[in-house]
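Data block below; observations after.
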Amino acid sequence: MQTYDLEADGLRGLNSALHAQSEDTTQTEWDIVNPKGSHAIAVGLNAPIEVTVNGSTGYYCAGMNQQATVKVKGSVGPGVAENMMSGTVIVEGDASQYAGATGHGGLLVIKGNASSRCGISMKGIDIVVHGNIGHMSAFMAQAGNLVVCGDAGDALGDSLYEARLFVRGSVKSLGADCIEKEMRPEHIEILKDLLARAGSDAKPEEFKRYGSARQLYNFDVDNAQAY
């Protein structure tokens, strides 16, 4: 295991070392100490390595991740796993705004709560939040799954496209064009797999599913004269 003291050796050196890793690397495990809320830790990784951050981070931790597994033993600032493509990011504490924003793939697990705009414009990422999420989460979410084991704030799924939202607790309000939908057997299976991968013991049957009513963006030829 490679141990890196972020306070002593600096962020540029850390990210340069991590970017130098490849699928053929032998330095597959990295332990980062003294992060002290630093921003942009472990961004742009593209190798099957495991990175553990021992403490809380600032904004954009593990952004643009590919292949890597990044675990944060603390809380994270805005934009964790932003634009993630693949791999896994696990936050043992809470997450600030727009966690997993624009993510295309991979799995983001937040074991605490997430703030506003969680999963905004998600494009295929899977996000599992063990606690609650804030307002405007999954705004314009296009694809992927957002699983919330707690409660959701105002305007959940506003202007939603085809992402699936699963909430076990209460939803303060739904956004434009977001409605509750039937939980069919295939959704139970999707949810069961995601909960298992995220280390949650919640039961899929306890969740409600929300999705797009498919009215906001549809062009209806019968109303062509109105456009």
Run the dipole for the range 1-123 about the Cα centre, Lys and Arg Cβ at +1, Asp and Glu Cβ at -1, nothing else charged, and hand back the magnitude in debye, nearest 20.
460 debye
In deg cm²/dmol, rounded to 500, what helix-only [θ] at 222 nm does the chain give when every DSSP H run of at least 4 residues adds -39500 (n - 2.57) and the total is split over its residues?
-3000 deg cm²/dmol
Ordered by packing density, taken as the mean number of other Cβ atoms within 10 Å over each peptide's residues, highest first, how do 174-180, 68-74 rank?
68-74, 174-180
Quickly rank 181-188, 94-101, 166-173 as a protection proxy: mean count of other C-beta atoms within 10 Å, highest first.
94-101, 166-173, 181-188
Using the crude model of +1 on Lys and Arg Cβ and -1 on Asp and Glu Cβ, and no other charge, please compute the dipole size for the range 1-56 relative to its Cα centre, in debye to 20.
240 debye
At 0.36 nm per residue, minus the direct Cα-Cα distance, what do Tyr217 and Ile188 gain on full extension? Give it in nm, one decimal, please.
7.7 nm
Could you tell me which residue out of Gly211, Met84, Gln142 lies farthest along the dipole of the chain toward its positive end? Charges go on the beta carbon: Lys and Arg +1, Asp and Glu -1, centred on the Cα centre.
Gly211
For the pairs Lys36/Lys73; Lys73/Lys208; Lys111/Lys203; Lys123/Lys172; Lys172/Lys203; Lys36/Lys71, note any where the Cα-Cα span goes beyond 19 Å.
Lys73/Lys208; Lys123/Lys172; Lys172/Lys203
With label points set 7 Å from each Cα along the Cα-to-Cβ direction at Gln67 and Asp24, the distance between them in nm comes to 1.2 nm
Assigning unit charges at the beta carbon (Lys, Arg +1; Asp, Glu -1) and nothing else, what dipole magnitude in debye, to the nearest 20, does the chain show about its Cα centre?
300 debye
Go through (1) 9, 38, 41, 12, 0; (2) 7, 28, 29, 18, 11, 6, 2, 0; (3) 9, 34, 31, 16, 7, 2, 0 and flag the label whose value is the computed P(r) over Cα pairs in 10 Å bins from 0, in percent for this structure.
(3)
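Every number in this text was worked out from the coordinates using simple rules, so none of it is lab data. Bear in mind the structure is a predicted one, so any value in this text is a computation, not a measurement. Every residue, glycine as well, gets a Cβ built from its backbone with ideal geometry; the counts of neighbours run over all protein chains shown.
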